[in-house]
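Structure first, commentary second.
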Amino acid sequence: NTNKENPERILSAFIQQYYSTPHQIPEEIITEHDIDQRGLLEEWLSNLKGVKVKIRKPTGRSDLKLSKAAVKGIQTLSKEKVENHKILAELKRQLKLPNHPKRIEGYDISNIGGEAPVGAMVTFIDGKPAKGLYRRYKIRARGPDDYAMIREIIKRRYSNDEAKADLIIVDGGRGQLNLTLRVLESLNVKIPVIGIAKRDEKIYTASSMNPIKLP
């Protein structure tokens, strides 16, 4: 096909797209393949970065070792991505989700006798932790009322226009699940929610009267 017939052009286009932000551009790019209009691409990258950028083929043993390590790393990441996709596809099937769960958010409450309660949100993108998207909420509600705390953090999270999850997980059973669904409904937000009871790890969903127990 076209991709196989023009690898030089494809590689050139990839480099232009990948290094579109100046802080990502290295001073040297090593590739085993020829690149279409290499001189113009070097000039473009140099202007973006503000210093000379060189694109060259590997010349010595250290270059070849570096290239092989990079290829191996890419292959490992590709395998992980495929495996994560399979797991998430199975999760979609087991929970009867309408969409592939690309973004998953989990919520939990921590408090000691109602003192200094804190809410936490963790986020996974494509099955991997996205720690830059983790959030901690200082709870304003008073007293050891987990329901009021969950209501508060879900409402605060989804009262804005930030990216929404494909699946929400709350710590707790049927009560926490139904409460979260009611809060989302009041905000006109439609997101699948499951509750996980820690004691027996049963999964509560809105689509089934009985909890799910995964193997």
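The values are calculated or read from the model by the stated rules, or taken from the named source; none is laboratory data. It should be emphasised that the depicted structure is a prediction, and the values quoted were computed from it without experimental measurement. Every residue, glycine among them, receives a Cβ derived from its backbone with ideal geometry; neighbour counts consider all protein chains shown. The accessibility values were calculated without ligands, DNA or RNA, using every heavy atom of the protein model including side chains. Shrake-Rupley method; radii C 1.70, N 1.55, O 1.52, S 1.80 Å.
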* Can we say residue 136 is within 20 Å of residue 175 (Cβ to Cβ) and either in contact with a Cys (Cβ under 8 Å, 6 or more places away or on another chain) or touching a residue at least 12 places away in the same chain (Cβ under 8 Å) (or both)? -> no
* Structure fact -> For residue 48, the lone unmet condition from (1) surrounded by 13 or more Cβ atoms within 10 Å (Cβ to Cβ); (2) within 23 Å of the chain's Cα centre (by Cα) is (2)
* Asked: Out of the residues in the range 171-182 that are open to solvent by 10 Å² or more (accessible area, probe 1.4 Å) and in a helix (DSSP H, G or I), which is nearest to residue 103 (Cα to Cα)?
  -> 181
* **Given (1) under 25 Å from residue 116 (Cα atoms); (2) loosely packed, with under 14 Cβ neighbours inside 10 Å; (3) among the hydrophobic types (A, V, I, L, M, F, W, C), number of the condition residue 209 does not satisfy** => (1)
* Asked: Which of the residues spanning the range 184-195 are in contact with a helix residue (DSSP H, G or I) (Cβ under 9 Å, 6 or more places away or on another chain) and open to solvent by 40 Å² or more (accessible area, probe 1.4 Å)?
  -> 186, 187, 190
* Structure fact -> residue 90 vs (1) over 22 Å from residue 10 (Cα atoms); (2) acidic (Asp, Glu); (3) touching a residue at least 12 places away in the same chain (Cβ under 8 Å): all pass except (3)
* Restricted to the range 118-170, and to residues that are acidic (Asp, Glu), surrounded by 15 or more Cβ atoms within 10 Å (Cβ to Cβ) and more than 10 Å from residue 105 (Cα to Cα), which residue is nearest to the chain's Cα centre (by Cα)? -> 126
* To do: Return only the number of the condition from (1) open to solvent by 100 Å² or more (accessible area, probe 1.4 Å); (2) over 30 Å from residue 207 (Cα atoms); (3) out of contact with any strand residue (DSSP E or B) (no Cβ under 8 Å at 6 or more places or on another chain); (4) not in a loop (DSSP other than H, G, I, E, B) that residue 11 does not satisfy.
  => (1)
* To do: Being among the hydrophobic types (A, V, I, L, M, F, W, C) and surrounded by fewer than 12 Cβ atoms within 10 Å (Cβ to Cβ) narrows it down to one of 104, 55, 109, 74, so name that one.
  => 74
* Answer from 165, 148 - the residue that is in contact with an Asp or Glu (Cβ under 8 Å, 6 or more places away or on another chain) and closer than 18 Å to residue 184 by Cα -> 165
* Any residue in the range 41-63 that's of a type outside the set (A, V, I, L, M, F, W, C): show its pairings with residues that are surrounded by 15 or more Cβ atoms within 10 Å (Cβ to Cβ) and not in a loop (DSSP other than H, G, I, E, B) at Cβ separation under 6 Å, as long as the two are six or more apart or on different chains. => 42/55; 52/46; 58/30; 58/67; 63/30
